[in-house]
1. Within segment 20-95, list the GluC sites (Glu not before Pro) lying in a DSSP loop whose Cβ has at most 15 other Cβ atoms in a 10 Å radius.
2. Taking every Cα atom in segment 435-559, find the radius of gyration and the maximum pairwise distance Dmax, and write them in Å.
3. Tell me the net charge near Thr363. Cut-off is 15 Å between Cβ atoms, Thr363 excluded, with +1 for each Lys or Arg and -1 for each Asp or Glu.
4. Using only Cα atoms, locate the centre of segment 623-650 and the centre of segment 186-257, then give the distance between them in Å, rounded to an integer.
5. Between Gln410 and Thr566, how high is the FRET efficiency from 1/(1 + (r/R0)^6) when r is the Cβ-Cβ distance and R₀ = 35 Å? Nearest 0.05.
6. When the scattering of segment 129-189 is computed by the Debye formula from its Cα atoms alone, each counted once and equally, what is log10 I(q)/I(0) at q = 0.20, 0.23 Å⁻¹?
7. Pick out, in residue order, every one of the trypsin sites (Lys or Arg not before Pro) in segment 244-320 that is DSSP loop and has at most 15 other C-beta atoms within 10 Å; say none if there are none.
8. Please compare each pair in Lys462/Lys492; Lys471/Lys492; Lys186/Lys317; Lys418/Lys462; Lys471/Lys585 to a cut-off of 20 Å on the Cα-Cα distance and tell me which ones are over it.
Amino acid sequence: MKRAIALLLLLTSFAWARELYVCAGEGSGGDGSPAAPWQSLATACAALQPGDVLTLLPGEYSQPELTITAQGTAEQPIVIQGAHRDLSVLTAWQNIETPWVPVPGQRFVFQTTCAFPVYWVSDLAHTIIMQPAPSLHDMERFRGTWLADREQNILYVHSVDGQAPTPGSIKVTVHSGHLLLLQKAKHLILRNLSFCGSAHERPRLSARAAAIRTMNTVSLIIEDCSFYLNSGGVNITNHCLDTIVRRCFFRRNESLGYSEMAQLFFGSWAKNNLAEDNVILDGQTHGLRFYSGAENVTARGNIILNERIGLYYKASKGSRLAERNLVLNCDSFNYSDLSGGRPITDLHNTFATPSTVYDDNPTNLILNLAKDDPRFCAPEHLDFRLQADSPFLGRGAYPEPAAVYYLSIQGNDENDGKSDRRPWRTFAAAAERLQPGDTLYLMPGEYPEEIQLTFSGPLSIKGLGRNQAVKLAGLTLQDCRQLQLENLECGKLSLQGCRETDFRRVTAASCQAVRCQGLRVKQCEFGTLAWQEVQSAELLFSVFPQEATFASCTELVRGYNSPAATLPLGRQAQRTGAHRPEPAKVQPSIENITALAITPTTASFTWEIPQINCDQWRVRDAWWNIRPVLSLLEYGETEECRERSVSLGDLFHNCILKDLKPGTRYYYRVVIPEKMLGLNDRGVIVPFTVTGMRQDWEGRHESPLQSFVTPAQYEAPARELYIAPDGQGDGSRPEQPLGSLAAASRL
């Protein structure tokens, strides 16, 4: 009897489960069926019942902050998912399609008409969230800034490089607030979605504009999602219970108005929190943070790079575990568990210094990267496993020997291939020894032989170096299964009978595919493209000519492709094309060197360097940080100019020379140092190395040698000052009198 009741309940639960669909429309029609999907995401979410699976069809979903209160059950959770992670996009962005024109009198500022509201601005050409400029009249002094004149419908920008924005690069946030606010939702799963461009109209309230915020939720899972350039990625707060965030990708989700926030944040008494297998990159506040009473917290398997603070357990409590995390290249510190409760367990983590580890046991690998060479397999591919000759095997986030091999045109087939110091030479040798599950890294160079490969994987073949530094004469794949190829360039790419094969950042003069199934192509570039009888394939963010042919191809998914490498025309943050842009080194010019005032003991100078700046240095609120020095003035009584005075300017520079000798000739020149310098809080010039800060120039640059003579004595120019009993001015005119003789004596 009990078995019959259980079976009846099970059948009843399946009977209530519904598969529902929504598309990115502008109306309110549809019934949620595949034939008539809802046109409104808000309408779709309001209709959800326990057991429902709502699929967001490919499209860009843009609406004001959407509150979701759906409640499933433990037996019948509600699922909200994207049909495709890269194509189902929740965004607050609007594209700028009007032309940019220079602003008169502002060398680096450009304007365009903008009829929609502007709450924030992102620059995809440089992958940054821009900052608001203080005003228009001096906007040329502030790189990477924007200003909106809402009355005139004009948007002004001063881009990172001082040039007019490229088409498609400027995205404007047109909704203030979160993209999704989950409030009292229960037993809910979010998966397979991308989030872009959330922001708040008031910078100090930027914590209220993360892509996703949760409040008082129960049993929430966020998995396999991507977050780009939001004002914070995921913010778990307000007594949420049993939350998991896993296998998500975060990049540059910065809450610039509130430095306590993180790309992935758990706080405000949220209980039972798990962050697992996430990748978090390139922020300016925190990567992953447990804070403000977060209880029972676990970080496992996360990769965190290039943050100000990486992984932080501040003010958390209950059981706390950090396991198999990797945190590197964070400026203030990479990892800290010393500001929270006790005890905490740290197992098999890899942390760079500076880090503070309460449970500093031998399983953890704490690296001083200035001295230690961990021998990571391929950091550019986020592969931080250890090579076979690493001195740190058995410790850290990846202690096990890695199934990783190397091939080089300078290699030797007698080597074991397990290290980039002992690579193989030929593909023939590699093909004989590789096993399913292996990864083969090709070291940079030109491989003259045409390669033919038949292999049943999984197998990954990836090129090392940036922008396809591995060049193959030709590559033919025949009857291959489960292959992944990445960061390669080849003359001719031919596929016959391949299945479940992935290509990413691959360029080829020609690409032919015949009778293949399950091809997944992303961010590739092909001179010609001809596919025949290809089934169930994806072709995304790729470059190929308009005359490409797709004969007898079925179930082909395409999105954000273009005939030329570019930024996407839509509201996605990922680039189209295989090449990752590298800022070109500039030849800086030192302009308008001007001596403002020279006295017997002092001299002040200004100058301009329009090509270089320190816009990426965004820690101005921390007085103890080393400040960047892009240029300085060398001076002295001889032409060697052995003394220095630094400028802390950005584009526009100045300095004051003190303790000069009266009646003395001094020589001087303005210098851009070969390597960027810094000034610490004690006024000492030191090397400047900050994660993520680029140096736009190469070599030392200096202005022609000049000289000046200090006067033997100071002769102040005659002035007329005006005083009145009730004066409140500066005394320069009768209409602006000073208030007393004492005030005049201080001028």
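Values in this text are rule-based calculations from the coordinates and carry no lab data. Keep in mind the model is a prediction, meaning the values are calculated, not measured. Counting neighbours? That spans all protein chains shown, and the Cβs are built from the backbone with ideal geometry, glycine included.
1. Qualifying residues, ordered by number: Glu26, Glu75.
2. 13.3, 39
3. Net charge around Thr363: -3.
4. For segment 623-650 versus segment 186-257, the Cα centre distance is 44 Å.
5. 0.45
6. -0.83, -1.02
7. Of the trypsin sites (Lys or Arg not before Pro), the ones in loops of segment 244-320 whose Cβ has at most 15 other Cβ atoms within 10 Å are Arg247.
8. Details: Lys462/Lys492 17 Å; Lys471/Lys492 11 Å; Lys186/Lys317 24 Å; Lys418/Lys462 15 Å; Lys471/Lys585 24 Å.
Flagged as over cut-off: Lys186/Lys317; Lys471/Lys585.
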